[in-house]
Amino acid sequence: MTCLRSIIIHTRVRALTVTLLAIAICFNKQTAVASEEGVKPADATNPLAPFAKFMTGEWRLEMQSENLMFTHWQWGPGRHSVLSQTYGSDGGGNPWRSLEVFYDCPKRKQIRTLGLSPDIPGLGRSVSEGHITFDGKTAHGDSEMHQPGHPGRGVRTFKTRWVFDDDDTFRSRLQEHDGKSLFTLGEWESRRSLTLSPMPAVDGPNAKPSAHFDALASIAGRTWISDAHGVGADSLRLRTTVEWIPYVNAIYIRTEAPALPESAQHIMDAYLYHHVGDGRLKCLALTRDGGIYESDFTIESADGLVTVTVPRMLGNQKEMLNVRFELDRS
């Protein structure tokens, strides 16, 4: 089944360029108010349920160089996804920020993964896509990493393994297949800490959106309150936070509806990023009802117009959402 919906959003708040993808993608009556037929609510049968053990505190990885990385985990909307963000310094002392998204994809019957990593000296930035299984004790993941700066392989193939020794400690192993053999790149131990580390400072050039997202720079780093109107739905007050993720060239958007019951307030997460493999801007948006939107998108900034067409997978159904944003600076 394929259908087409058009949503036009006008924003008339001075200095608010647009509340962006977060309003339009999530805002139809089925998504914002009730789960659609055929979509299971997140419960004990949720494939992502084992990730609950990551949610308390932070997970620290200390390297031989004594540089520290720490990872924060949080649920996505409806607990159909999980966001993992890692901060700190790499083994050489370079600033580090990376993120990985885990999301349930019923069509593929997989937990899919999207990973964004920073510029590694001599290799450049990378985008990885794959899938993982996790039973709460052991995880096995397979992914392909796009890293055009690699001298021999622009697309690299990895296998990941996690093993929990106890509730507060797990070991991870990363292996790469070079087309001939599988070899281990590294093994690490991460431990839970209930004390959160201070967030590291971000240097000048990386503190603001890159040229790819220049048109959205005025809304990044802020939280916006908007009244959204969608086709076939009543008005709903939305709170949208737009965060620039330094070093990985991405924007994270979180949309909530404070008027809804607490368990239903988190409506959508959206990730906008530059894919180093094909050079295009990409969107991954995940909704409270388990919907998945993935697409290229364009930003038309000269005339104040943003147009996005996003295929959405919801169970075994596919629909096309055509979104147009008109930017009003009056």
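The values are calculated or read from the model by the stated rules, or taken from the named source; none is laboratory data. Small disclaimer: the values here were computed from a predicted structure and weren't measured. Positions of Cβ are generated from backbone atoms using ideal geometry, with glycine treated the same way; all protein chains shown enter the neighbour counts.
Look through the range 240-270, keep the residues that are in a strand (DSSP E or B) and at pLDDT below 90, and return whichever of them is nearest to T287 (Cα to Cα). Even if it seems obvious, please write down each step before you answer.
Taking the range 240-270 first, the residues in a strand (DSSP E or B) are 240-245, 250-256, 266-270.
After this cut, where a residue has to be at pLDDT below 90 as well, the list is 240, 242.
Numbers: T240: 14, V242: 16 Å.
Per the stated criteria, the residue is T240.
Name the single residue, out of those in the range 104-129 being closer than 18 Å to Q175 by Cβ and more than 14 Å from the chain's Cα centre (by Cα), that is modelled with the highest pLDDT. Working first, answer last.
Start the filter on the range 104-129 by keeping residues that are closer than 18 Å to Q175 by Cβ, which leaves 113, 115, 117, 120, 123, 126, 128-129.
If we keep only those that are more than 14 Å from the chain's Cα centre (by Cα) too, we end up with 120, 123, 126.
On the way: I120: 89, L123: 89, S126: 96.
Out of the qualifying residues, it is S126.
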Just name the residue that is farthest from Y273 (Cα to Cα) out of those in the range 89-103 that are over 19 Å from the mean Cα position of the chain (by Cα) and part of a strand (DSSP E or B). S89
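Which ones in the range 71-81 are more than 16 Å from M199 (Cβ to Cβ) and part of a strand (DSSP E or B)? Don't jump to the end; show me each part of the working.
Start the filter on the range 71-81 by keeping residues that are more than 16 Å from M199 (Cβ to Cβ), which leaves 75-81.
The answer is W75, S81.
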Return only the number of the condition from (1) touching a residue at least 24 places away in the same chain (Cβ under 8 Å); (2) surrounded by fewer than 21 Cβ atoms within 10 Å (Cβ to Cβ); (3) within 23 Å of K107 (Cβ to Cβ) that D289 does not satisfy. (2)
When the range 169-198 is checked residue by residue, the ones that are surrounded by 13 or more Cβ atoms within 10 Å (Cβ to Cβ), assigned to a strand (DSSP E or B) and either at positive phi or of a type outside the set (D, E, K, R) (or both) are T169, F170, S172, L174, Q175, H177, W188, S190, S193
Residue in the range 238-254 that is surrounded by fewer than 18 Cβ atoms within 10 Å (Cβ to Cβ), of a type in the set (V, I, T) and under 16 Å from the mean Cα position of the chain (by Cα) present: yes
Just to verify a result, which residue in the range 161-194, among those that are out of contact with any Leu (no Cβ under 6 Å at 6 or more places or on another chain) and of a type in the set (S, T, N, Q), is nearest to Q64 (Cα to Cα)? S172
Failed item in (1) part of a loop (DSSP other than H, G, I, E, B); (2) of a type outside the set (G, A, S); (3) more than 28 Å from G130 (Cα to Cα); (4) out of contact with any Pro (no Cβ under 6 Å at 6 or more places or on another chain), with D214 passing the rest: (1)
In the range 52-80, what count of residues is obtained for those that are in contact with a His (Cβ under 9 Å, 6 or more places away or on another chain), among the acidic types (D, E) and farther than 17 Å from W162 by Cβ? 0
Please specify each residue of the range 93-152 satisfying the condition of being basic (K, R) and buried (at least 17 other Cβ atoms within 10 Å of the Cβ). R97, R112, R125
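Looking at S143, S193, S197, S172, can you tell me which residue is within 24 Å of the chain's Cα centre (by Cα), more than 17 Å from R60 (Cβ to Cβ) and touching a residue at least 12 places away in the same chain (Cβ under 8 Å)? Step through it out loud before you land on a result.
Numbers: S193 fails: more than 17 Å from R60 (Cβ to Cβ); S197 fails: more than 17 Å from R60 (Cβ to Cβ); S172 fails: more than 17 Å from R60 (Cβ to Cβ).
After ruling out the rest, the residue left standing is S143.
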If a residue has to be in a strand (DSSP E or B) and surrounded by fewer than 19 Cβ atoms within 10 Å (Cβ to Cβ) to count, how many in the range 45-70 make the cut? 4
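Within the group G304, G291, G221, which residue is at positive phi and at pLDDT 85 or above?
Values: G304 fails: at pLDDT 85 or above; G291 fails: at positive phi.
Result: G221 is the single residue among G304, G291, G221 that is at positive phi and at pLDDT 85 or above.
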